[in-house]
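This report concerns only the one structure given below.
The values are calculated or read from the model by the stated rules, or taken from the named source; none is laboratory data. What you see is a predicted model; the values in this text were computed from it and never measured. Here the Cβ positions follow ideal geometry from the backbone for every residue, glycine too, while neighbour counts run over all protein chains shown. Only protein heavy atoms, including side chains, enter the accessible area calculation; ligands, DNA and RNA are left aside. Shrake-Rupley method; radii C 1.70, N 1.55, O 1.52, S 1.80 Å.
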Amino acid sequence: MTKGRLEAFTDGVMAVIITIMVLELKAPEGADLAALQPLLPVFFTYLLSFVYLGIYWNNHHHMLHATDRINGAILWANLHLLFWLSLVPFTTGWMGENHFAAVPTAVYGIVMLCAAVAYYILQTTIVSAQGPSSKLARAIGSDWKGKLSPLMYAAAIPLAFVNELIADALYIAVALIWLVPDRRIERVG
């Protein structure tokens, strides 16, 4: 099975997720800059989530670039990832509307952690199907970012109940770690 349909489907779902997320941004009642102030938490959560979705889309693209063929297990693993990513608009809106309150901030972290685990499962499923000497297997190497990110999410979840800003800082730190696309796959390709 070729990877073209999987790429096209994933691209479409990601576009819908981003569209749903941006539709949650509501215009302010007032016509001056002060009217934007109450919307800042909503905008910042949108910005963070947009960056995360961009990171997933970019790395997913690179991962599939190093993939030769697709099987049923890969299709299901990809759907698993898309399920968790489809929850990002909900948690983004909830966290932003509630000004980074503890429970929404923790739930945001749970969704991010589950998406990271789903991405790892997809990556592992592809490597398993392609073999240990495949381009992707060689490119992954030690994958320190892939191992550190879930640990940071796992730390942020309970820390949201101690201080939401610490959890938010960890979410931002993970995004910054991944902001530069994973070049390992490009080097092996």
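Tabulated data
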| item | result |
| --- | --- |
| Convex hull volume per residue in cubic angstrom - Cα atoms of the stretch 23-88 | 91 Å³ |
| Probe 1.4 Å, accessible area per residue of the stretch 1-148, Å² | 51 Å² |
| Inter-part distance where the stretch 1-62 and the stretch 95-165 are each reduced to a Cα centre, Å | 18 Å |
| Using alpha-carbon coordinates, inclination of helix 164-179 to the longest axis of the chain, degrees | 40 degrees |
| Solvent-accessible surface ranking, highest first, for Lys147, Lys135 at 1.4 angstrom | Lys147, Lys135 |
| Protein accessible area in the stretch 102-189, 1.4 Å probe - carbon and sulfur % | 71 percent |
| Lysine-lysine proximity count for the chain, Cα under 30 Å, sequence distance 8 or more or distinct chains | 5 |
| Two-site label geometry, Glu97 and Lys145: point separation in nm, points 7 Å out along Cα→Cβ | 3.3 nm |
| Per-pair calculated FRET efficiency, R0 = 35 Å: Val117 and Leu165 via Cβ, rounded to 0.05 | 0.90 |
| Mean residue ellipticity (222 nm) of the chain, computed from DSSP H runs ≥ 4 via -39,500 (n - 2.57), nearest 500 | -25000 deg cm²/dmol |
| Solvent-free Debye scattering, log10 I(q)/I(0), computed from the Cα coordinates of the chain at q = 0.19 Å⁻¹ | -1.27 |
| Calculated FRET value between Val16 and Ser133, using beta carbons and R₀ = 41 Å, to 0.05 | 0.70 |
| Candidate residues Leu122, Leu176: accessible-area rank, largest first, probe 1.4 Å | Leu176, Leu122 |
| Gain upon complete extension [Leu33, Arg69; 0.36 nm per residue less C-alpha separation] | 7.8 nm |
| Solvent-accessible surface ranking, highest first, for Ile172, Ile177 at 1.4 angstrom | Ile172, Ile177 |
